[in-house]
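**Q** Quick one: this structure, given as C-alpha coordinates, is what I'll be asking you about.
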Amino acid sequence: MSFRTIEWRDNKVIMIDQTRLPAEEVYNEYTDFQGVAQAIRGMVVRGAPAIGIAAAMGVALGAREIIADSFDTFYRQLENVCDVIGRTRPTAVNLFWGLERMKRVALQHKELDLNSIRELLKAEAISIESEDLAICREIGRHGAALVKEGASILTHCNAGGLATAGYGTALGVIRGAHEAGKGIRVFADETRPWLQGARLTAWELMKDSIPVTLISDNMAGWLMKTGQIDFCVVGADRIAANGDTANKIGTYSVAVLAKENRIPFYVAAPISTLDLKLANGDLIPIEERASEEVTQIKGNQIAPEGVKVRNPAFDVTPARYITGIITEKGVVRGDYERELKALVGQ
Ligand code: MRU
(Lines give C-alpha, C1' and ligand atoms only; values in the text may rest on other atoms or scores of the structure.)
Protein backbone atom coordinates (compact mmCIF):
# COMPACT_ATOMS: atom_id res chain seq x y z
CA MET A 1 0.00 0.00 0.00
CA SER A 2 1.30 3.41 -0.85
CA PHE A 3 0.17 5.25 2.28
CA ARG A 4 0.61 4.88 6.03
CA THR A 5 -2.49 5.31 8.18
CA ILE A 6 -0.72 5.84 11.48
CA GLU A 7 2.82 5.40 12.72
CA TRP A 8 5.12 6.24 15.61
CA ARG A 9 8.16 8.11 14.36
CA ASP A 10 10.78 10.02 16.42
CA ASN A 11 8.48 10.16 19.43
CA LYS A 12 5.68 11.64 17.39
CA VAL A 13 2.48 10.08 16.11
CA ILE A 14 2.01 10.62 12.38
CA MET A 15 -1.44 10.15 10.84
CA ILE A 16 -2.80 10.60 7.36
CA ASP A 17 -5.54 13.24 7.74
CA GLN A 18 -8.70 11.41 6.67
CA THR A 19 -10.81 14.56 6.87
CA ARG A 20 -8.89 15.85 3.83
CA LEU A 21 -8.95 12.77 1.62
CA PRO A 22 -9.31 12.28 -1.28
CA ALA A 23 -8.55 15.87 -2.28
CA GLU A 24 -5.27 16.09 -0.36
CA GLU A 25 -2.90 13.48 1.06
CA VAL A 26 -1.63 15.27 4.16
CA TYR A 27 0.14 13.76 7.16
CA ASN A 28 -0.37 15.38 10.59
CA GLU A 29 2.14 15.10 13.45
CA TYR A 30 1.08 14.82 17.08
CA THR A 31 3.40 15.36 20.01
CA ASP A 32 0.88 15.24 22.88
CA PHE A 33 -2.02 13.03 23.91
CA GLN A 34 -4.56 15.84 23.77
CA GLY A 35 -3.79 16.25 20.07
CA VAL A 36 -4.30 12.53 19.50
CA ALA A 37 -7.61 12.63 21.42
CA GLN A 38 -8.72 15.54 19.26
CA ALA A 39 -7.67 13.65 16.11
CA ILE A 40 -9.82 10.67 17.14
CA ARG A 41 -12.83 12.86 17.98
CA GLY A 42 -12.45 14.87 14.75
CA MET A 43 -11.98 11.71 12.66
CA VAL A 44 -8.52 12.54 11.35
CA VAL A 45 -8.11 8.87 12.25
CA ARG A 46 -11.15 6.60 12.22
CA GLY A 47 -12.17 2.98 11.88
CA ALA A 48 -12.17 0.74 14.93
CA PRO A 49 -8.68 -0.86 14.74
CA ALA A 50 -7.00 2.43 13.73
CA ILE A 51 -8.73 4.18 16.65
CA GLY A 52 -7.37 1.47 18.98
CA ILE A 53 -3.84 2.02 17.65
CA ALA A 54 -4.18 5.81 17.93
CA ALA A 55 -5.44 5.46 21.51
CA ALA A 56 -2.45 3.31 22.47
CA MET A 57 0.00 5.71 20.81
CA GLY A 58 -1.77 8.60 22.57
CA VAL A 59 -1.17 6.89 25.91
CA ALA A 60 2.49 6.38 25.02
CA LEU A 61 2.79 10.11 24.25
CA GLY A 62 0.89 10.96 27.44
CA ALA A 63 3.27 8.79 29.50
CA ARG A 64 6.19 10.89 28.24
CA GLU A 65 4.46 14.07 29.42
CA ILE A 66 3.78 12.85 32.97
CA ILE A 67 5.99 14.27 35.72
CA ALA A 68 5.92 12.00 38.76
CA ASP A 69 8.21 10.69 41.47
CA SER A 70 6.44 7.45 42.24
CA PHE A 71 4.64 4.76 40.28
CA ASP A 72 1.34 5.52 42.02
CA THR A 73 1.39 9.20 41.00
CA PHE A 74 2.50 8.21 37.49
CA TYR A 75 -0.28 5.65 37.19
CA ARG A 76 -2.98 8.03 38.43
CA GLN A 77 -1.99 10.50 35.74
CA LEU A 78 -1.82 7.73 33.14
CA GLU A 79 -5.40 6.82 34.05
CA ASN A 80 -6.31 10.46 33.52
CA VAL A 81 -4.72 10.34 30.04
CA CYS A 82 -6.76 7.20 29.30
CA ASP A 83 -9.95 8.87 30.52
CA VAL A 84 -9.43 11.84 28.20
CA ILE A 85 -8.80 9.54 25.21
CA GLY A 86 -11.65 7.25 26.29
CA ARG A 87 -14.16 10.09 26.11
CA THR A 88 -13.58 10.76 22.40
CA ARG A 89 -15.79 8.17 20.69
CA PRO A 90 -17.98 5.61 22.45
CA THR A 91 -18.82 2.84 19.96
CA ALA A 92 -15.60 1.22 18.69
CA VAL A 93 -14.54 -1.10 21.49
CA ASN A 94 -10.98 -1.26 20.11
CA LEU A 95 -10.44 2.18 21.65
CA PHE A 96 -11.08 0.82 25.17
CA TRP A 97 -9.28 -2.42 24.38
CA GLY A 98 -6.18 -0.38 23.41
CA LEU A 99 -6.36 1.74 26.58
CA GLU A 100 -6.76 -1.33 28.83
CA ARG A 101 -3.83 -3.05 27.16
CA MET A 102 -1.62 -0.01 27.81
CA LYS A 103 -2.70 0.29 31.47
CA ARG A 104 -1.96 -3.40 31.97
CA VAL A 105 1.60 -2.97 30.67
CA ALA A 106 2.22 -0.17 33.18
CA LEU A 107 0.76 -2.18 36.08
CA GLN A 108 2.73 -5.29 35.18
CA HIS A 109 5.99 -3.35 35.40
CA LYS A 110 5.38 -1.13 38.40
CA GLU A 111 8.68 -2.21 39.98
CA LEU A 112 10.67 -0.63 37.10
CA ASP A 113 11.80 2.99 36.95
CA LEU A 114 9.39 5.36 35.21
CA ASN A 115 11.55 5.83 32.12
CA SER A 116 11.66 2.11 31.50
CA ILE A 117 7.86 1.99 31.83
CA ARG A 118 7.56 4.85 29.32
CA GLU A 119 9.74 2.87 26.90
CA LEU A 120 7.66 -0.26 27.39
CA LEU A 121 4.47 1.69 26.71
CA LYS A 122 5.94 3.04 23.50
CA ALA A 123 6.98 -0.48 22.44
CA GLU A 124 3.50 -1.81 23.24
CA ALA A 125 1.78 0.86 21.12
CA ILE A 126 4.12 0.14 18.21
CA SER A 127 3.48 -3.59 18.49
CA ILE A 128 -0.31 -3.05 18.57
CA GLU A 129 0.15 -1.39 15.19
CA SER A 130 2.33 -4.10 13.68
CA GLU A 131 0.14 -6.90 15.09
CA ASP A 132 -2.90 -5.28 13.49
CA LEU A 133 -1.32 -5.43 10.06
CA ALA A 134 -0.62 -9.16 10.47
CA ILE A 135 -4.16 -9.73 11.80
CA CYS A 136 -5.70 -7.99 8.78
CA ARG A 137 -3.72 -10.22 6.43
CA GLU A 138 -5.03 -13.31 8.24
CA ILE A 139 -8.60 -11.96 8.03
CA GLY A 140 -7.98 -11.41 4.33
CA ARG A 141 -6.71 -14.95 3.89
CA HIS A 142 -9.68 -16.56 5.66
CA GLY A 143 -12.18 -14.27 3.95
CA ALA A 144 -10.79 -14.66 0.43
CA ALA A 145 -11.55 -18.38 0.57
CA LEU A 146 -15.28 -17.52 0.79
CA VAL A 147 -15.28 -15.37 -2.35
CA LYS A 148 -16.18 -16.96 -5.68
CA GLU A 149 -14.36 -16.25 -8.98
CA GLY A 150 -15.57 -13.06 -10.62
CA ALA A 151 -17.72 -12.02 -7.64
CA SER A 152 -19.22 -8.54 -7.35
CA ILE A 153 -18.70 -7.51 -3.75
CA LEU A 154 -20.61 -4.80 -1.92
CA THR A 155 -19.04 -3.01 1.02
CA HIS A 156 -20.27 -0.21 3.25
CA CYS A 157 -18.18 2.52 4.92
CA ASN A 158 -14.41 2.09 4.96
CA ALA A 159 -13.00 -0.97 6.69
CA GLY A 160 -9.78 -0.72 4.75
CA GLY A 161 -6.14 0.14 5.18
CA LEU A 162 -7.27 3.56 6.33
CA ALA A 163 -9.31 2.04 9.16
CA THR A 164 -6.50 -0.26 10.35
CA ALA A 165 -2.70 -0.38 10.38
CA GLY A 166 -3.02 -1.27 6.68
CA TYR A 167 -4.68 -3.86 4.40
CA GLY A 168 -8.03 -3.61 6.20
CA THR A 169 -10.66 -6.03 7.48
CA ALA A 170 -13.54 -5.99 4.97
CA LEU A 171 -11.15 -4.56 2.39
CA GLY A 172 -8.61 -7.15 3.59
CA VAL A 173 -11.03 -9.83 2.39
CA ILE A 174 -11.37 -7.95 -0.88
CA ARG A 175 -7.59 -7.49 -1.21
CA GLY A 176 -7.09 -11.17 -0.40
CA ALA A 177 -9.54 -12.23 -3.13
CA HIS A 178 -7.99 -9.78 -5.59
CA GLU A 179 -4.45 -10.98 -4.85
CA ALA A 180 -5.65 -14.57 -5.29
CA GLY A 181 -6.56 -13.62 -8.86
CA LYS A 182 -10.29 -14.10 -8.40
CA GLY A 183 -11.16 -11.26 -10.76
CA ILE A 184 -13.51 -9.61 -8.27
CA ARG A 185 -15.01 -6.15 -8.48
CA VAL A 186 -16.28 -3.94 -5.72
CA PHE A 187 -19.34 -1.78 -5.25
CA ALA A 188 -18.70 0.86 -2.59
CA ASP A 189 -21.66 2.45 -0.82
CA GLU A 190 -20.92 6.16 -0.54
CA THR A 191 -21.87 6.00 3.18
CA ARG A 192 -23.70 9.17 4.06
CA PRO A 193 -23.29 11.36 5.98
CA TRP A 194 -19.50 11.28 6.36
CA LEU A 195 -18.89 9.63 2.96
CA GLN A 196 -16.30 7.10 4.09
CA GLY A 197 -17.18 4.99 1.04
CA ALA A 198 -16.98 7.76 -1.54
CA ARG A 199 -13.98 9.51 -0.06
CA LEU A 200 -11.91 6.71 1.45
CA THR A 201 -12.86 3.25 0.12
CA ALA A 202 -12.97 4.44 -3.48
CA TRP A 203 -9.63 6.23 -2.98
CA GLU A 204 -7.73 3.33 -1.48
CA LEU A 205 -9.10 0.69 -3.86
CA MET A 206 -8.29 2.86 -6.86
CA LYS A 207 -4.78 3.38 -5.50
CA ASP A 208 -4.35 -0.42 -5.48
CA SER A 209 -5.99 -0.81 -8.92
CA ILE A 210 -8.83 -2.92 -7.52
CA PRO A 211 -11.92 -2.36 -9.72
CA VAL A 212 -14.39 -0.25 -7.75
CA THR A 213 -17.74 1.31 -8.65
CA LEU A 214 -19.22 3.95 -6.38
CA ILE A 215 -22.96 3.94 -5.65
CA SER A 216 -25.08 6.04 -3.34
CA ASP A 217 -26.45 4.12 -0.37
CA ASN A 218 -30.01 3.88 -1.65
CA MET A 219 -28.88 2.00 -4.79
CA ALA A 220 -27.65 -1.13 -3.00
CA GLY A 221 -31.09 -2.77 -2.73
CA TRP A 222 -31.81 -2.44 -6.43
CA LEU A 223 -28.40 -3.79 -7.41
CA MET A 224 -29.00 -6.80 -5.16
CA LYS A 225 -32.50 -7.37 -6.53
CA THR A 226 -31.25 -7.30 -10.11
CA GLY A 227 -28.52 -9.87 -9.46
CA GLN A 228 -25.57 -7.51 -9.60
CA ILE A 229 -24.18 -8.27 -6.13
CA ASP A 230 -22.85 -11.72 -5.12
CA PHE A 231 -21.28 -11.08 -1.73
CA CYS A 232 -21.38 -8.41 0.99
CA VAL A 233 -18.61 -7.74 3.48
CA VAL A 234 -18.36 -4.99 6.10
CA GLY A 235 -16.24 -4.22 9.14
CA ALA A 236 -17.35 -3.86 12.75
CA ASP A 237 -17.01 -1.44 15.63
CA ARG A 238 -18.21 -3.78 18.35
CA ILE A 239 -19.51 -7.35 18.33
CA ALA A 240 -21.61 -8.51 21.29
CA ALA A 241 -21.51 -12.04 22.74
CA ASN A 242 -24.47 -13.18 20.64
CA GLY A 243 -22.91 -11.90 17.40
CA ASP A 244 -24.99 -8.71 17.09
CA THR A 245 -22.67 -6.25 15.36
CA ALA A 246 -22.39 -2.47 15.54
CA ASN A 247 -20.96 -0.92 12.39
CA LYS A 248 -21.41 2.26 10.37
CA ILE A 249 -24.97 3.52 10.09
CA GLY A 250 -26.60 1.87 7.09
CA THR A 251 -24.99 -1.52 7.64
CA TYR A 252 -28.24 -2.92 9.08
CA SER A 253 -30.13 -1.93 5.91
CA VAL A 254 -27.50 -3.65 3.75
CA ALA A 255 -27.75 -6.82 5.86
CA VAL A 256 -31.54 -6.97 5.70
CA LEU A 257 -31.48 -6.41 1.94
CA ALA A 258 -28.83 -9.10 1.53
CA LYS A 259 -30.92 -11.65 3.43
CA GLU A 260 -34.04 -10.75 1.41
CA ASN A 261 -32.03 -11.35 -1.78
CA ARG A 262 -30.21 -14.47 -0.48
CA ILE A 263 -26.78 -12.87 -0.77
CA PRO A 264 -24.12 -13.83 1.81
CA PHE A 265 -23.44 -11.02 4.28
CA TYR A 266 -20.15 -11.27 6.18
CA VAL A 267 -18.62 -9.18 8.96
CA ALA A 268 -14.80 -9.04 8.99
CA ALA A 269 -13.19 -7.98 12.26
CA PRO A 270 -10.27 -8.71 14.56
CA ILE A 271 -10.87 -10.41 17.91
CA SER A 272 -10.14 -7.05 19.58
CA THR A 273 -13.54 -5.89 18.25
CA LEU A 274 -15.38 -8.55 20.30
CA ASP A 275 -17.04 -7.33 23.46
CA LEU A 276 -18.21 -10.56 25.05
CA LYS A 277 -19.14 -8.72 28.27
CA LEU A 278 -22.18 -7.42 26.41
CA ALA A 279 -24.86 -10.08 26.03
CA ASN A 280 -26.39 -8.50 22.94
CA GLY A 281 -26.29 -5.53 20.60
CA ASP A 282 -28.89 -3.50 22.51
CA LEU A 283 -26.19 -2.80 25.07
CA ILE A 284 -23.73 -1.25 22.59
CA PRO A 285 -23.43 2.54 23.02
CA ILE A 286 -24.20 4.35 19.77
CA GLU A 287 -22.41 7.62 19.05
CA GLU A 288 -24.58 10.53 17.99
CA ARG A 289 -22.62 13.10 15.96
CA ALA A 290 -23.07 16.76 15.03
CA SER A 291 -26.13 17.73 12.99
CA GLU A 292 -23.93 19.60 10.48
CA GLU A 293 -22.69 16.27 9.14
CA VAL A 294 -26.23 15.75 7.84
CA THR A 295 -27.26 19.29 6.95
CA GLN A 296 -24.04 20.22 5.17
CA ILE A 297 -21.68 18.76 2.59
CA LYS A 298 -18.20 20.28 2.76
CA GLY A 299 -19.59 23.34 4.54
CA ASN A 300 -22.39 23.86 2.01
CA GLN A 301 -25.84 23.88 3.58
CA ILE A 302 -28.12 21.34 1.86
CA ALA A 303 -31.11 21.47 4.25
CA PRO A 304 -33.22 24.29 5.70
CA GLU A 305 -31.41 26.22 8.45
CA GLY A 306 -32.58 25.01 11.88
CA VAL A 307 -34.16 21.73 10.69
CA LYS A 308 -34.28 19.02 13.37
CA VAL A 309 -31.68 16.31 12.67
CA ARG A 310 -30.76 12.86 13.94
CA ASN A 311 -27.22 11.61 13.30
CA PRO A 312 -26.53 8.21 14.88
CA ALA A 313 -23.10 7.23 13.54
CA PHE A 314 -23.63 3.46 13.90
CA ASP A 315 -26.37 0.85 13.87
CA VAL A 316 -26.55 -2.70 15.15
CA THR A 317 -27.13 -5.62 12.80
CA PRO A 318 -28.79 -8.54 14.59
CA ALA A 319 -26.73 -11.73 14.34
CA ARG A 320 -29.47 -13.54 12.41
CA TYR A 321 -28.63 -11.44 9.35
CA ILE A 322 -24.92 -12.29 9.48
CA THR A 323 -23.75 -15.26 7.41
CA GLY A 324 -20.43 -15.39 9.24
CA ILE A 325 -17.85 -13.36 11.15
CA ILE A 326 -14.39 -13.49 9.61
CA THR A 327 -11.63 -13.12 12.20
CA GLU A 328 -7.88 -13.67 12.19
CA LYS A 329 -8.49 -17.08 13.76
CA GLY A 330 -11.03 -18.21 11.20
CA VAL A 331 -14.68 -17.83 10.27
CA VAL A 332 -17.37 -18.13 12.93
CA ARG A 333 -20.96 -18.97 12.02
CA GLY A 334 -24.08 -20.54 13.42
CA ASP A 335 -24.23 -20.40 17.20
CA TYR A 336 -22.29 -17.16 17.70
CA GLU A 337 -22.70 -17.24 21.47
CA ARG A 338 -20.82 -20.53 21.69
CA GLU A 339 -18.46 -20.07 18.74
CA LEU A 340 -17.21 -16.61 19.74
CA LYS A 341 -16.49 -17.79 23.28
CA ALA A 342 -14.63 -20.81 21.91
CA LEU A 343 -12.65 -18.53 19.60
CA VAL A 344 -11.21 -16.53 22.50
CA GLY A 345 -10.84 -19.63 24.68
CA GLN A 346 -13.53 -18.77 27.27
O1 MRU B 1 -17.12 6.51 12.02
P2 MRU B 1 -16.02 5.64 11.50
O3 MRU B 1 -15.54 6.05 10.16
O4 MRU B 1 -14.92 5.46 12.51
O5 MRU B 1 -16.72 4.21 11.32
C6 MRU B 1 -15.97 3.16 10.80
C7 MRU B 1 -16.73 1.91 10.62
O8 MRU B 1 -17.90 1.81 10.90
C9 MRU B 1 -15.92 0.71 10.15
O10 MRU B 1 -16.69 -0.12 9.34
C11 MRU B 1 -15.43 -0.08 11.38
O12 MRU B 1 -14.83 0.76 12.30
C13 MRU B 1 -14.50 -1.17 10.99
S14 MRU B 1 -12.98 -0.56 10.42
C15 MRU B 1 -11.97 -1.87 10.05
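The values are calculated or read from the model by the stated rules, or taken from the named source; none is laboratory data. Predicted, not measured: the structure shown is a model, and the values here were computed from it. With ideal geometry, Cβ positions are generated from the backbone for all residues, glycine too; neighbour counts draw on all protein chains shown.
**Q** Out of Gly62, Gly42, Gly35, I need the residue that is within 16 Å of the ligand (Cβ to nearest atom) and out of contact with any Pro (no Cβ under 8 Å at 6 or more places or on another chain). Which one?
**A** Values: Gly62 fails: within 16 Å of the ligand (Cβ to nearest atom); Gly35 fails: within 16 Å of the ligand (Cβ to nearest atom).
The unique qualifying residue is Gly42.
**Q** Something else now. Could you check Ala92 against (1) closer than 16 Å to Ala54 by Cβ; (2) of a type outside the set (Phe, Trp, Tyr); (3) without any contact (Cβ under 8 Å) to a residue 60 or more places away in the chain and say which number it fails?
**A** (3)
**Q** Right, next: Quick check: is even one residue across segment 56-75 outside any loop (DSSP other than H, G, I, E, B), free of Cβ contacts under 8 Å to residues at least 24 places away in the same chain and either within 30 Å of Ile184 (Cα to Cα) or outside the structural domain of Thr317 (by TED's automatic domain parsing) (or both)? Show your work before the answer.
**A** Step one: of segment 56-75, the residues outside any loop (DSSP other than H, G, I, E, B) are 56-65, 71-75.
Right, trim to free of Cβ contacts under 8 Å to residues at least 24 places away in the same chain and you get 72-73.
Next, from what is left, pick out any that are either within 30 Å of Ile184 (Cα to Cα) or outside the structural domain of Thr317 (by TED's automatic domain parsing) (or both): 72-73.
Yes, segment 56-75 contains a residue that is outside any loop (DSSP other than H, G, I, E, B), free of Cβ contacts under 8 Å to residues at least 24 places away in the same chain and either within 30 Å of Ile184 (Cα to Cα) or outside the structural domain of Thr317 (by TED's automatic domain parsing) (or both).
**Q** Just need a number here: residues in segment 154-201 that are under 20 Å from Thr327 (Cα atoms) and of a type in the set (Phe, Trp, Tyr). Give the steps one after another, and end with the answer.
**A** Going through segment 154-201, the residues under 20 Å from Thr327 (Cα atoms) turn out to be 154-180.
Restricting the remaining residues to those that are of a type in the set (Phe, Trp, Tyr) gives 167.
Total satisfying the criteria: 1.
**Q** Check Leu120, Leu112 and return the single one that is touching a helix residue (DSSP H, G or I) at 6+ places or on another chain (Cβ under 7 Å) and without any contact (Cβ under 8 Å) to a residue 40 or more places away in the chain.
**A** Details: Leu112 fails: touching a helix residue (DSSP H, G or I) at 6+ places or on another chain (Cβ under 7 Å).
Answer to the selection: Leu120.
**Q** Within the group Thr155, Thr88, which residue is in contact with a Ser or Thr (Cβ under 8 Å, 6 or more places away or on another chain) and of a type in the set (Val, Ile, Thr)? Show your work before the answer.
**A** Numbers: Thr88 fails: in contact with a Ser or Thr (Cβ under 8 Å, 6 or more places away or on another chain).
Residue meeting the stated conditions: Thr155.
**Q** Kindly check whether there is at least one residue in segment 278-301 that is in the same structural domain as Asp217 (by TED's automatic domain parsing) and at positive phi. Break it down into steps so the answer makes sense when it comes.
**A** If we filter segment 278-301 for residues that are in the same structural domain as Asp217 (by TED's automatic domain parsing), which is where we start, we get 278-301.
The next check asks that each one be at positive phi; those that pass are 298-299.
Scanning segment 278-301, I find at least one residue that is in the same structural domain as Asp217 (by TED's automatic domain parsing) and at positive phi, so the answer is yes.
**Q** Could you check, for segment 321-330, whether at least one of its residues is touching a Pro at 6+ places or on another chain (Cβ under 8 Å), among the β-branched types (Val, Ile, Thr), in a loop (DSSP other than H, G, I, E, B) and touching a residue at least 40 places away in the same chain (Cβ under 8 Å)?
**A** For segment 321-330, residues touching a Pro at 6+ places or on another chain (Cβ under 8 Å), among the β-branched types (Val, Ile, Thr), in a loop (DSSP other than H, G, I, E, B) and touching a residue at least 40 places away in the same chain (Cβ under 8 Å): present.
**Q** Looking only at strands (runs of 3 or more DSSP E) that lie completely in segment 184-281, which have at least 2 residues being more than 16 Å from the ligand (Cβ to nearest atom) and surrounded by fewer than 22 Cβ atoms within 10 Å (Cβ to Cβ)? Please lay out each step first, then the result.
**A** Working: elements: 185-189, 212-215, 231-234, 238-240, 245-248, 265-268.
Correct list: 212-215.
**Q** Which pairs turn up if I take residues in segment 234-248 that are among the polar types (S, T, N, Q) and look for partners that are within 15 Å of the ligand (Cβ to nearest atom) and in a loop (DSSP other than H, G, I, E, B) with beta carbon separation below 7 Å, at least 6 apart in sequence or on another chain?
**A** Thr245/Ala236; Thr245/Ile322; Asn247/Cys157; Asn247/Gly235; Asn247/Ala236; Asn247/Asp237
**Q** Another question about this same structure. Within segment 147-164, how many residues are more than 10 Å from the ligand (Cβ to nearest atom) and surrounded by 24 or more Cβ atoms within 10 Å (Cβ to Cβ)? Write out each step before concluding.
**A** Pass one, segment 147-164, residues more than 10 Å from the ligand (Cβ to nearest atom): 147-154.
Still in the running and surrounded by 24 or more Cβ atoms within 10 Å (Cβ to Cβ): 153-154.
Within segment 147-164, residues that are more than 10 Å from the ligand (Cβ to nearest atom) and surrounded by 24 or more Cβ atoms within 10 Å (Cβ to Cβ) number 2.
**Q** For Phe96, indicate whether it is within 15 Å of the ligand (Cβ to nearest atom), out of contact with any strand residue (DSSP E or B) (no Cβ under 7 Å at 6 or more places or on another chain) and aromatic (Phe, Trp, Tyr). Walk me through how you get there before you give the answer.
**A** Details: within 15 Å of the ligand (Cβ to nearest atom): yes; out of contact with any strand residue (DSSP E or B) (no Cβ under 7 Å at 6 or more places or on another chain): yes; aromatic (Phe, Trp, Tyr): yes.
Answer is yes for this residue.
**Q** Among the listed residues Asp83, Asp17, Asp69, identify the single one that is away from the ligand (no atom under 16 Å from the Cβ), under 22 Å from the mean Cα position of the chain (by Cα) and surrounded by fewer than 18 Cβ atoms within 10 Å (Cβ to Cβ). Quick ask: steps written out before the conclusion?
**A** Numbers: Asp17 fails: away from the ligand (no atom under 16 Å from the Cβ); Asp69 fails: under 22 Å from the mean Cα position of the chain (by Cα).
Within the list Asp83, Asp17, Asp69, the selection yields Asp83.
**Q** Okay, moving on. Looking at (1) touching a residue at least 40 places away in the same chain (Cβ under 8 Å); (2) closer than 13 Å to Ile153 by Cβ, can you tell me which one Ile210 breaks?
**A** (1)
**Q** Any idea which of Gly243, Gly161, Gly221 is assigned by TED's automatic domain parsing to the domain that holds Ala290 and within 28 Å of Val13 (Cβ to Cβ)? Walk me through how you get there before you give the answer.
**A** Values: Gly243 fails: within 28 Å of Val13 (Cβ to Cβ); Gly221 fails: within 28 Å of Val13 (Cβ to Cβ).
One residue alone meets the criteria, Gly161.
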